[in-house]
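A quick write-up on the structure given underneath.
FYI, it's all coordinate maths here, none of it is from the lab. Here the structure is a predicted model, which means the values were calculated and not measured.
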Amino acid sequence: MKKRSVSAKKRPAGSDKFSKVSNFLKIVSDENRMKILLALKGDSLNVTQIHTKLRIPQNLTSHHLSKLKSVGLLSEKHEGTFRHYSVNTKNLRQLSQMFKDLFNI
């Protein structure tokens, strides 16, 4: 009989949801990332527009956009050489619902 590896063990119910919500909270807890999300609320902007509007260095703006994209909070649309970013409201609602489900609120 083969022994089961630790990774083959069943994970507790809801652990995937917990992990997603935890990662989401880590990402949005940064002040600049929150400012970017608010700047994109109902709008679509490129990196230059975001860094100019928020007075955040362009390389730092790109870094924060990458982090927000990694958890699915941003949609990206290519227009020529520019990438326009907007809030992925569908994913934001899903993450918000997962958070509410975890805390039964």
For this session: Please tell me the relative contact order of the chain in percent, rounded to the nearest whole number, where contacts are Cα pairs under 8 Å and at least six residues apart.
Result: 28 percent
Problem set entry | Spatial extent of the chain: Rg and Dmax, with the Cα atoms as the point set, Å | 17.4, 63
For this session: Show which aspartates and glutamates lie in cross-link reach of LYS67 when reach means a straight Cα distance below 20 angstrom and same-chain residues fewer than eight apart are skipped.
Result: ASP16, ASP30, GLU31, ASP43, GLU76
